[in-house]
Structures are given as structure tokens and as C-alpha cells.
Amino acid sequence: MTSIAVCPGSFDPVTLGHLDIITRGASVFDKVIVAVLHNRNKQPMFTVEERVSLLYEATKDLKNVEVDSFNGLLIDYVKEKKANTIIRGLRAVSDFEYEMQAASINKKLGPDIETFFMMTNNHYSYLSSSIVKEVAKYNADVSDIVPDVVAEALKTKFK
Ligand code: ADP
């Protein structure tokens with residue numbers, strides 16, 4: 001059986017913390033589909049198309065990683081893709097409460113689908129897309145916390 005995992009998120013924009021989770025996931029599963037969520041209450045900085053394109057560039061050397069976007073319920077998307085696992089990263093205790101709720105409801109809606117948690121790499125435990133945007137707004141250097149292509153895109157946004 002081919003193991004297919006979906007790694008969902010906002011990725012607004014993708015950081016090296018995300019990339020670490022995606023890369024490690026790609027060494028565990030036959031295929032990883034990184035899926036950008038469309039309808040979120042948050043007001044994103046990058047459009048879905050821009051986020052997909054940045055992810056595509058950042059992951060192009062990972063041969064078993066695909067990038068996509070989806071609308072609606074995650075579990076429906078996972079079933080549609082014939083995937084058996086959802087990958088999520090955990091940073092701090094603050095992530096835990098939400099992730100436990102999400103994993104519980106997803107287990108109820110799709111009993112055959114597992115949520116697979118990966119602990120953050122210590123280097124990136126403080127890193128989030130929000131922090132990146134905050135720092136980039138003031139023209140600070142973000143080259144060691146985001147892929148090069150994202151650093152360029154942020155420069156253009158804040159020009
Ligand atoms: P969401 O809004 O769904 O949480 P994000 O883009 O913020 O989307 O995150 C997508 C996934 O990546 C989540 O599982 C999140 O916990 C994980 N993640 C984000 N940043 C890091 C990081 N620095 N280290 C490990 N996992 C991370």
C-alpha cells in the first residue's frame with residue numbers, strides 16, 4: 001500500500017519551520033501533499049496562488065512532495081486524495097489544545113485516517129508565519145528563517 005500524507009496549513013508564507021516538517025514527512029511517507037487552505041477567517045498577506053507558488057519553489061527538490069490547495073473540510077480533501085495520514089507540526093504547549101481538538105474531530109469523521117504529529121526542530125520552535133511577517137514589515141533580515149524565494153517575495157510586498 002502506498003502511504004500518502006496530507007500536510008495542511010495556511011502557509012502565509014511558508015517558513016523554514018514548515019519546510020523542516022515537510023522534509024521530515026517526505027522521508028517517512030511515500031508521498032506528501034502540502035495543501036494550502038482556501039477559506040480562512042484570517043486575512044492573508046499572500047493569495048492562495050502566491051502561497052502555492054512559493055511552496056512549489058521551496059519544495060521543488062523534494063521529489064515525493066506535491067503542492068495543492070483545497071476548499072472545505074480537510075477530511076473530505078484527504079479522502080478525495082486517497083491519503084491515509086494528516087501531518088501536523090507541534091511547537092509549544094499552546095499548539096496542543098487546538099491540535100487535539102482537530103485530531104479528535106478528524107478521527108470521528110474519518111476513522112481510517114491518522115493524524116501524525118512531528119515535534120518542531122529546536123531551531124524553529126519560536127517560528128511562525130506571523131512572526132516572519134512582523135519582522136519583514138520592518139525590513140529586518142529574514143533569510144535564515146524562510147526559504148530564499150519567500151525572502152524575495154516579502155521584500156517585494158513591503159517595497
Ligand atoms: P494553520 O493555520 O493550519 O496552523 P500554519 O501554516 O500556521 O497553518 O501551520 C501549518 C502546520 O505547520 C501546522 O501543523 C503547524 O503547527 C506547523 N508549523 C508551523 N510552524 C512550525 C514550526 N516552526 N515548527 C514546526 N511546525 C510548524
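The values are calculated or read from the model by the stated rules, or taken from the named source; none is laboratory data. What you see is a predicted model, and the numbers here were worked out from it, not measured in a lab. Every residue, glycine as well, gets a Cβ built from its backbone with ideal geometry; the counts of neighbours run over all protein chains shown.
See the values below:
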| quantity | calculated |
| --- | --- |
| Some residue of the range 147-155 being farther than 25 Å from Thr2 by Cα and within 14 Å of the ligand (Cβ to nearest atom) | yes |
| Failed criterion for Met45 (all others in (1) within 10 Å of the ligand (Cβ to nearest atom); (2) among the aliphatic types (A, V, I, L, M); (3) under 12 Å from Ser129 (Cβ atoms) hold) | (1) |
| Subset of the range 124-138 that is assigned to a helix (DSSP H, G or I) and touching a residue at least 60 places away in the same chain (Cβ under 8 Å) - its residue that is farthest from Lys157 (Cα to Cα) | Tyr124 |
| Those residues of the range 124-146 which are surrounded by 15 or more Cβ atoms within 10 Å (Cβ to Cβ), within 13 Å of the ligand (Cβ to nearest atom) and either charged (D, E, K, R) or over 24 Å from Thr85 (Cβ atoms) (or both), in sequence order | Val132, Lys133, Ile145, Val146 |
| Of all residues making up the range 101-119, the number that are surrounded by 12 or more Cβ atoms within 10 Å (Cβ to Cβ) and not in a strand (DSSP E or B) | 8 |
| Qualifying position, being more than 10 Å from the ligand (Cβ to nearest atom), hydrophobic (A, V, I, L, M, F, W, C) and either at pLDDT below 95 or within 14 Å of the chain's Cα centre (by Cα) (or both), among Val36, Val52, Val28 | Val52 |
| Residue list for the range 104-123, filter: hydrophobic (A, V, I, L, M, F, W, C) and away from the ligand (no atom under 11 Å from the Cβ) | Ile105, Leu109, Ile113 |
| Hits in the range 68-84 (condition: within 13 Å of the ligand (Cβ to nearest atom) and within 23 Å of Thr120 (Cβ to Cβ)) | Leu74 |
| Residue under evaluation Ile22, criteria (1) touching a Lys or Arg at 6+ places or on another chain (Cβ under 8 Å); (2) near the ligand (Cβ under 9 Å from one of its atoms), criterion not met | (1) |
